[in-house]
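Novice: Sharing a structure below in structure tokens format, with a few things to ask.
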Amino acid sequence: MTVLNTIKERRSIHTFEEKEVDIELLREIFTYGSYAPTHYMKEPWQMKLYQRDGKDMLIHAIIRSYQRIGMIRNNNDPKTIKMIDSMKSFLHSIPHHAVIYFEKEEDPVRYEEEYAAVCAFIQNSQLAAWEFGVGMLWTITPYMHDPGFYSDIELDANKTKIAAVLQIGYPKKVPRDKGRTSITDKMQIIE
């Protein structure tokens, strides 16, 4: 594949085969990701990769967060228990979860530079993964804004910012190309 084909053909994957990606391949994928543009070569991206039994900690933290913020009731109602069991099963079926975060900068310009670099790292990683037949889903979810979630996964919400949680694995199904709006509709040319 060429870079241009990969950019156009990559898809967000929502269902994964229940097969792990070899850790060395994941390291290679994220190494390619690390060639993202980064101001002052700070390379601000950090990652916690959850797989196998390590997913239990993350899933528990997600459910506790959803209960704290009111997305899931905190009771023993059969419907609630069924919903939690379903959520656990779904999250366990995803081979790998990567929490991508960075240290916060007090200066708002530096903060935006770091966030932009981390986003470029994520996109590079998705493109590299696609080259190897590995799919990812870049998620931004409510629990990423819950200080209790940070604490549960051993991060400090005052010092770090979670940019995304990537779901990673071999695609079970690849969504169709939905196309894109013509760039002429998005670009204003000033002469």
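The values are calculated or read from the model by the stated rules, or taken from the named source; none is laboratory data. Quick caveat: nothing in here was measured; it's all calculated off a predicted structure. As a convention, Cβ positions derive from the backbone with ideal geometry for all residues, glycine included, and neighbour counts pool all protein chains shown. Keep in mind that these areas ignore ligands, DNA and RNA; they rest on the heavy atoms of the full protein, side chains included. Shrake-Rupley method; radii C 1.70, N 1.55, O 1.52, S 1.80 Å.
Novice: Take residue 134 and decide whether it is of a type in the set (A, V, I, L, M), more than 24 Å from residue 108 (Cβ to Cβ) and open to solvent by 30 Å² or more (accessible area, probe 1.4 Å).
Specialist: no
Novice: Need pairs with beta-carbon distance below 6 Å; first residue under 12 Å from residue 37 (Cβ atoms) and within the stretch 109-126, second of a type in the set (Asp, Glu); sequence gap 6+ or separate chains.
Specialist: Once the first residue is under 12 Å from residue 37 (Cβ atoms) and sits in the stretch 109-126, its partners that are of a type in the set (Asp, Glu) give 114/105.
Novice: Something else now. Say whether the condition of being over 12 Å from residue 133 (Cα atoms) and at pLDDT below 95 is met by at least one residue in the stretch 10-21.
Specialist: yes
Novice: What about residue 191, is it within 20 Å of residue 44 (Cβ to Cβ) and modelled with pLDDT of 95 or more?
Specialist: Answer is no for this residue.
Novice: Considering the stretch 138-157 alone, what residues qualify as being more than 18 Å from residue 45 (Cβ to Cβ) and in contact (Cβ under 8 Å) with a residue 12 or more places away in the chain?
Specialist: 141, 142, 143, 146, 148, 149, 152, listed by residue number.
Novice: Name the residue, out of 62, 29, that is farther than 19 Å from residue 128 by Cβ, open to solvent by less than 80 Å² (accessible area, probe 1.4 Å) and either touching a Phe, Trp or Tyr at 6+ places or on another chain (Cβ under 9 Å) or not polar (S, T, N, Q) (or both).
Specialist: 62
Novice: Kindly indicate which of 51, 46 is without any contact (Cβ under 8 Å) to a residue 60 or more places away in the chain, out of contact with any Lys or Arg (no Cβ under 9 Å at 6 or more places or on another chain) and either open to solvent by 70 Å² or more (accessible area, probe 1.4 Å) or of a type outside the set (Phe, Trp, Tyr) (or both).
Specialist: Step by step, each of 51, 46 is checked, and only 51 is without any contact (Cβ under 8 Å) to a residue 60 or more places away in the chain, out of contact with any Lys or Arg (no Cβ under 9 Å at 6 or more places or on another chain) and either open to solvent by 70 Å² or more (accessible area, probe 1.4 Å) or of a type outside the set (Phe, Trp, Tyr) (or both).
Novice: For the stretch 170-191, does any single residue satisfy the condition of being open to solvent by less than 20 Å² (accessible area, probe 1.4 Å), of a type outside the set (Asp, Glu) and not in a helix (DSSP H, G or I)?
Specialist: no
Novice: Could you please let me know if residue 79 is in a helix (DSSP H, G or I), closer than 25 Å to residue 178 by Cβ and either out of contact with any strand residue (DSSP E or B) (no Cβ under 8 Å at 6 or more places or on another chain) or without any contact (Cβ under 8 Å) to a residue 40 or more places away in the chain (or both)?
Specialist: Considered against the rule, which asks whether it is in a helix (DSSP H, G or I), closer than 25 Å to residue 178 by Cβ and either out of contact with any strand residue (DSSP E or B) (no Cβ under 8 Å at 6 or more places or on another chain) or without any contact (Cβ under 8 Å) to a residue 40 or more places away in the chain (or both), residue 79 comes out as no.
Novice: Is it fair to say residue 81 is of a type outside the set (Ser, Thr, Tyr), surrounded by fewer than 16 Cβ atoms within 10 Å (Cβ to Cβ) and touching a Phe, Trp or Tyr at 6+ places or on another chain (Cβ under 8 Å)?
Specialist: no
Novice: Within the stretch 1-50, count every residue that is acidic (Asp, Glu) and over 20 Å from residue 119 (Cα atoms).
Specialist: Qualifying residue count for the region: 5.
Novice: Let me ask something else. Report whether or not residue 150 is part of a helix (DSSP H, G or I), more than 14 Å from the chain's Cα centre (by Cα) and of a type outside the set (Gly, Ala, Ser).
Specialist: Answer is yes for this residue.
Novice: State whether one or more residues within the stretch 61-77 are under 16 Å from residue 120 (Cα atoms), hydroxyl-bearing (Ser, Thr, Tyr) and within 21 Å of the chain's Cα centre (by Cα).
Specialist: no
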